[in-house]
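The values are calculated or read from the model by the stated rules, or taken from the named source; none is laboratory data. Worth saying up front: this structure is predicted, and the values here are computed from it rather than measured. Note: ideal-geometry Cβ built from the backbone for every residue, glycine included; neighbour counts use all protein chains shown. Ligands, DNA and RNA are stripped out before the accessible areas are found, and what is left, the full protein with its side chains, is counted by its heavy atoms. Shrake-Rupley method; radii C 1.70, N 1.55, O 1.52, S 1.80 Å.
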Amino acid sequence: MGPHYLSRLFSPESIAVIGASERPDSVGMRVLVNLREAEYQGAVYPVNPKHKRVLEQRCYPDVASINKPVDLAVIATPAPTVPKIIHQCGEAGVRAVVVISAGFGEVGEQGHQLQEALIEGARRYGMRVLGPNCLGIMRPEIGLNATFSKNRAHPGHLALVSQSGALCTAVLDWAEQNDIGFSAIVSLGDAADLDFGDVLDYLALDPDTRSILLYIEGVLDARGFISGLRAAARLKPVIVIKAGRHAAGTRAAVSHTGALIGADDVFDAALERTGAVRAASVAQLFAAAEILTVNKPVRHNRLAIVTNGGGPGVMASDRASEMGVALPDPSKNSIEALNALLPKHWSHGNPIDILGDAPPDRYGRAVKACLDDPAYDGVVAMLSPQAMTEPTEAAQAVVDAAKDHRKPVLACWLGEAQVADARALFAEHHIPSFSTPEDSIEAFSFLSNYHHNQALLRQVPPPLHGHAAPDIEGARLIIESALSESRSLLSTTETRAILSAFHIPILPAIQAKDANDALIAAEALGFPVALKIDSPDLTHKSDVGGVRLNIGNAPAVRGAYQALMENVQRRAPDARVHGVTVEHMYESAQARELFIGVMRDPVFGPTISFGLGGTAIEVHRDRAVALPPLNTFIIRSMIGRTRVARMLGEFRQLPAINMGALESVLERISEMVCELPHIKELDINPLMADDQGVMAVDARIVVELPARHHDRYDHIAIHPYPSHLVSRWQLPDGTEIVLRPIRPEDAGIEQTFVKELSDESRYFRFMQALHELTPEMLVRFTQIDYSREMAFIAVTEIDGREVELGVARYTINPDRASCEFALVVLDSWHHRGIGTHLMEKLMQVARARSLQTMEGEVLSNNRNMLELVHSLGFTSRPSPDDPQIQIVSARL
């Protein structure tokens, strides 16, 4: 709908360099020189009140003196001067600024105050700021090098976004030696205004960018980061390096969950849901970019290795094992085919060793056999130069075998001089080529991880379970009652009530204040029973001898009660003790002990973990982490990443557990986390699982007063499908209409809807000649981020199939206070109230999310649309840029 709000930053037609100087060691001089040497074609204005001329060019005392439009200002002056300069830029109409200057939030309280003044001034003028304390920005294709780096970047199709300016220069140096080009290089610095989410929003739609590389040290705005990353990764590959992979953890935690999960686990869980992949080094970063731009998808991670040397094959196998890449043996048909074309002594397994004397034809036929084998998702062809090898001819044979095949082929030709021509041949035919076995395996793992994460990206789970509705209000009242008493740890009874409200099976328990109460409770529940100390001060009861199991008769109950009290008095004399809880013993010889936990990460909010349970949980450290909301697909992926997953099927004469029951509990935990922002920590340990079902034996919940939010799901990093916004109404003729938020699986009906619009309606909607949506537009329109945009479709059922009748959508503007809308209704359904209902629903949601204004562009001859929006309270005015367009707006 008009230029992107960052277009003046990425494609400026004029630049003011504030702080320009001829001093050789100055940042201002370096920026000015870089713009000249990069042959930037726009106007460049040096600004410095101390100079009349800089580098033989007129120098202005301030931005206002330029007296011409300035799209971008680059500020390289001492930090205390920057807030005043921001004000001057705002008054002069500058709307994009790069603040290279250091001395802000990174240096202490005084710097923080300067940074706040800087941002406050920028927001007053609707100005967007990159930095401060950043390297700057490069756009090699247009000669934009607004940095103080001495490195140059070649034009290309990779974009690099980094929090570290030093990392940018290192990558540029590496890339220059390896002839790698860039569409953009962006250094975020302190990211006081523009962050990853904003920059990714631009790069997602940038036609010059095919892949995006990120270097991340920390995430400031989790929702914005994930939102921008998901939007970009839907359209092009995104590869991430994250610093601090081995951090000790997010905080000192005493819960099982907190003790198990570190910051890196949570970051990986977040990244999985964005559709991006993670690299561990700069070399891996570019290797991943190379393999992902080939765009040959894989369904799984099953790889065939074709090699002429046993040693390289073993090295590749070792790395495959470390990376979780499967190396299945060839299928029976492939074995027969390979037996017919290979010598008797070939390996008869995977890696497929075709022996050191392999001629080119043997390479080509072996690779083709593997590509034709349904057991494999891709092939790595490896060559070690030996006396009888012909590297270039063998490479040509691999190229021929790979032609027109959907499965990816990767090459690993070891050596240098002898294989240089072969590598050039692979590059010419877009076959990724690597110099070591390990690199080739890592590259394939990026490919399989990417497509796995893309599948997770497409999941839009609803917040609520599809079966029996939970008692959300009852659970909330229990929590609020505890908080009103200044208690954060829920009692055993309260915890069981919360789990029961969400239909999670849990053993019944009765609180007992003395030995006699314990005896009565045991008789009521039935023997055998377990006694557990009831204390708000003891997180792990077994650590202080506060648990007795398998109590089989009445006399033993009283003895166990006294023993528990004595143990706690001796080991934790200061603990408050309210008695014990009496539970019926869970009995199953076939059960596995599992664990489910919830922890609130300080950056990404609530996380859900699953793994092996029991008293040795911290020793085994077998867990997988995911961000809510969850659905069956995400849950199965999560379970599959744990070691205990192999014990859940038939195992040592034990029957397989009831996986449906386990998945249901994880779905219930997910809905609990989504609907109860009060939950800070939750442990279910153990969760017993067998072929009959699951049962929570022990659980613990910690709560706190939630922060105030505009949206009911603001406390979680990934917005679930807002099923609570689905509504139904009926046309006068009885036609049932459903208004609901759009989903990724609506791509088919959305494409059909656009095709069935009249030429006039399509032009009114898109303001251009358009017959159907491009694949990129279809993704963009149906895979939306509900936290920053909304799209409602009106659907009905015709002849047993769902048909889209209209769609209304808004996107939140960069000011985060207004939004831009669009609406279109199928021509044959005009004048039946569909457009009005869609707009009323859209405005209602925008209002609930504290947006203040809704606006849009309507062609002046689109009378039906103008009448509709005027009836809803919109006002209109001619566009200053185009008299054929009316700007319509309404206060919400």
If amide H atoms are built 1.01 Å from N in the plane of the peptide, which residues on other chains or at least 5 residues away come under 5 Å of the amide H of Leu214? Val161, Ile239, Val240, Ile241
Provide Val44, Val306 ordered by accessible surface of protein heavy atoms (probe 1.4 Å), highest first. Val44, Val306
Place a +1 charge on the Cβ of each Lys and Arg in the range 100-182 and a -1 charge on the Cβ of each Asp and Glu, then give the dipole magnitude about the Cα centre in debye, rounded to the nearest 20. 260
Given Lys532/Lys680; Lys236/Lys403; Lys344/Lys407; Lys344/Lys368; Lys332/Lys407, which pairs have Cα atoms separated by over 26 Å? Lys344/Lys407
If every Lys and Arg gets +1 and every Asp and Glu gets -1 at its Cβ, then about the Cα centre the range 512-571 yields a dipole, in debye to the nearest 20, of 160
Nearest 5 is fine: what % of DSSP beta bridges in the chain come out antiparallel, could you say? 60
Taking the convex hull of Cα positions in the chain, its mean projected area over all directions (nm²): 45.2
With a 1.4 Å probe and all protein chains in place, put Asp372, Asp198, Asp439 in order of accessible area, largest first. Asp372, Asp439, Asp198
Restricting to aspartates and glutamates and to Cα separations under 16 Å from Lys541, and discarding same-chain partners fewer than 8 apart, the set is Glu566, Asp574, Glu583, Glu618, Asp683, Asp698
In terms of modelled amide H atoms, which long-range or inter-chain residues lie less than 5 Å from the amide H of Val54? Cys59
Starting from the Cα gyration tensor of the range 345-415, take the square roots of the eigenvalues, sort them a ≥ b ≥ c, and report rounded, prolate or oblate (rounded when a/c is under 1.5, otherwise prolate if a/b is larger than b/c, else oblate). oblate
Top positive-direction residue, dipole computed over the chain with Cβ charges, set Pro155, Cys89, Ala192: Cys89
Once amide H atoms are built 1.01 Å from N in the peptide plane, which residues 5 or more positions from Leu194, or in another chain, come under 5 Å H to H? Val129, Gly131
Counting only heavy atoms of protein chains, what accessible area per residue, in Å², does the chain have with a probe of 1.4 Å? 42
Karplus 3J(HN,Hα) series, Hz, for the range 223-228 with 6.51 cos²θ - 1.76 cosθ + 1.60 (x for Gly, Pro): 5, x, 4, 5, 4, x
Extension gain (nm, one decimal) between Asn550 and Thr853, 0.36 nm per residue minus Cα-Cα: 102.6 nm
Quick one: putting +1 on the C-beta of Lys and Arg, -1 on the C-beta of Asp and Glu, what dipole do you get for the chain around its Cα centre, in Debye to the nearest 20? 1000
Roll a 1.4 angstrom probe over the protein heavy atoms and tell me the percent of accessible area of the range 346-418 that is carbon or sulfur. 51
Between the range 375-444 and the range 638-669, what is the separation of their alpha carbon centroids in Å? 40
Using just the helices of the chain, give the 222 nm mean residue ellipticity in deg cm²/dmol: DSSP H runs with n ≥ 4 each add -39,500 (n - 2.57), and the total is spread over all residues, rounded to 500. -10500 deg cm²/dmol
How high is the FRET efficiency between Gln653 and Asp421 when r is their beta carbon distance and R₀ equals 60 Å, given to the nearest 0.05? 0.50
State the dimensionless ratio Rg/Rh of the range 280-432 (Rg: radius of gyration of Cα atoms; Rh: Kirkwood radius). 0.93
Over the chain, calculate the relative contact order: mean separation of alpha carbon pairs under 8 Å at least 6 apart, over the residue count, as a percent. 7
Taking only Cα atoms of the range 10-74, the Rg to Rh ratio with Kirkwood Rh works out at 0.93
Tell me, what % of the accessible area of the range 558-635 is carbon and sulfur with a 1.4 angstrom probe? 48
Fraction of accessible area attributable to carbon and sulfur, the range 762-866 (%, probe 1.4 Å): 48
Run through the DSSP bridge list for the range 59-205 and note the antiparallel percent, rounded to the nearest 5. 30
Calculate log10 I(q)/I(0) of the range 413-469 for q = 0.20, 0.21, 0.23 Å⁻¹, where I(q) comes from the Debye formula with a single equal point scatterer on each Cα and nothing for solvent. -0.83, -0.87, -0.94
Taking the alpha-carbon centre of each part, the distance from the range 551-606 to the range 115-166 in Å is 56
Within the under-10-Å Cβ sphere about Gly611, not counting Gly611, Lys/Arg +1 and Asp/Glu -1 give a net charge of +3
